[in-house]
Amino acid sequence: MKLAFIPSTFLPWVGGAEIQAHNTANKMVEIGNDVDIYLLDQVNIDNKKYKIVTLNKILINFVFLLRYYLNINFSFLLRFYFKKICENKKYDLWHFHSVNYKTLIYIEILKNLKQKVFITFQGADIQKDYEIKYGYRFDKKYENLLKKTILLVDGIFAISKNIEKDLNFFSYPPKKITSIPNSIEIKKIKEIKKKNIKDKKLKIITVARFSEKKKGLDIIEDIAKIFIDNNFDYEWTLVGRNSDFLLKSKFISENIKFFNIESEINNFDETYFPHSKLIKLYKQHDVYVNLARIESFGITMIEAIAADLPVVSFNTKGANEIVINNQNGYLIEKYEPLEMANFLMKNFNALSKNRNLNYNAIMHYDLKVNTQLTLDRYQK
């Protein structure tokens, strides 16, 4: 098939949505399809099998600014532009890997041109969390356009049950929703051998960009204080974009011997994310700790499980679909630092030896399997 992918944001910005678009596009090409990824800016990506096509940013921004800020609709200009692309390229379908206000305008135009359009929602573009004010839908202009546009598309891929629940708000036909989770190249992770850990301390890893409330990084200090007050020996590795912002905490900077702060591990030379450096880092630890208050899915958790790490998480959106209690990890019901700290201290021996856990269900998240399922849905 000839496919056009449009992510709302893309590499080199590294996040779950960006990684999924890149990995899926590479795998689609690998199994015999042609994929073009449409971006507003030209980027140099060496580890790609797909092609990058740069859109006319000036034209798109002109139409967007008039419509968003002045409610003047000049979308007919973009219609001529996209019509020419469609006539020249003749794509079988367009797949939007996350959406924003601009890309919703594209979808309106493409459906007017009788193109097949699919969306994979990735989190902020569909979810709305009132506690931490998370989600694009707090912008009423975005939410109203989404309400109108979503009903036009030919199919939606839901990466989690939480996303499916959010789709209920829009009365989107259930028969047009396909449940396929975000996925990883499991073979790549399994091929890297796990390092034998001889330390008597509990080695914890958390991978997340610095987003304090959403990712729950604001409670690390509280958990760590409980460890130290109880003379519990640990080392906590924190990996992600702007992770060094954690050093603004006086407590963490004064107790840095208990922490290992790593910057974001990008991937410029390997076809699939995560990079081998990150996989090796997972495999040097005993347990993955997820503190996020909400996730659409939580790609780092399945990376950790594929690396044979138990995941310990609060029973929050996203985690509660991935972590199966006492099988691939443990869920803590009450979102409180004391609950997490006590669990980790009490279960130190079991966690450090990965006892009695079953990681076989990880194949449900295999990239090749789920890319083929996505292709099957296209063809139907």
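The values are calculated or read from the model by the stated rules, or taken from the named source; none is laboratory data. These numbers were taken from a predicted model, which means no experiment stands behind them. Virtual Cβ from ideal backbone geometry, glycine too; neighbours counted across all protein chains shown. The accessibility values were calculated without ligands, DNA or RNA, using every heavy atom of the protein model including side chains. Shrake-Rupley method; radii C 1.70, N 1.55, O 1.52, S 1.80 Å.
Worth pointing out:
- For residue 153, no residue has an amide H sitting under 5 Å from its own, ignoring neighbours fewer than 5 places away on the same chain, with H placed 1.01 Å from N.
- Structure remark: mean-square fluctuation, Gaussian network model of the chain, C-alpha springs under 10 Å; the largest value among 263, 249, 75 belongs to 249.
- A simple packing score, the average count of other Cβ atoms within 10 Å per residue, orders the peptides 140-153, 233-246 as 233-246, 140-153, with the highest score first.
- Other-chain or far-sequence residues with amide H under 5 Å of residue 116's (modelled H): 94
- Using distinct alpha-carbon pairs, which all enter the 1/r mean, Kirkwood radius of region 1-138 in Å: 15.8 Å
- Alpha-carbon Debye profile of the chain, log10 I(q)/I(0) at 0.06, 0.12 Å⁻¹: -0.24, -0.93
- For region 189-334, the share of accessible area belonging to carbon and sulfur comes to 44 percent (1.4 Å probe, ligands and nucleic acids excluded).
- Estimated at the nearest 10 Å², the accessible area of residue 369 is 70 Å² with a 1.4 Å probe.
- Above-threshold pairs, the threshold being 28 Å between Cα atoms, out of 161/225; 133/283; 48/102; 215/280; 114/175; 175/334: 161/225; 133/283; 175/334
- Element breakdown for region 3-126 at a 1.4 angstrom probe: carbon and sulfur atoms account for 54% of the accessible area.
- Residue list for region 280-294, given a label point 7 angstrom along the Cα-to-Cβ vector of residue 195 and an amide N cut-off under 11 Å: 280-286
- Among the trypsin sites (Lys or Arg not before Pro) in region 293-336, those located in a DSSP loop and surrounded by at most 11 other Cβ atoms within 10 Å of their own Cβ are 334.
- Alpha-carbon centroids, region 16-61 and region 169-226: separation in whole Å: 25 Å
- Distances between placed amide hydrogens fall under 5 Å for residue 234 paired with 202, all partners being 5 or more residues away or on another chain.
- Ligands, DNA and RNA are left out, and with a 1.4 angstrom probe the accessible area of region 180-258 is 52 Å² per residue.
- Globularity ratio of region 86-244, using Cα Rg and 2.2 N^0.38 Å: 1.41
- The candidates 108, 164, arranged from most to least accessible area with a 1.4 Å probe in the full protein assembly, appear as 164, 108.
- Placing unit charges on each Cβ (+1 for Lys and Arg, -1 for Asp and Glu) gives region 2-125 a dipole about its Cα centre, and among 80, 22, 4 the Cα reaching farthest toward its positive end belongs to 80.
- Helix 140-150 vs. the chain, principal-axis angle (Cα, 0 to 90°, nearest 10): 70 degrees
- Rg to Rh quotient for region 247-380, alpha carbon positions, Kirkwood Rh: 1.00
- Over region 291-363, the alpha carbon radius of gyration divided by the compact-protein estimate 2.2 N^0.38 Å works out to 1.03.
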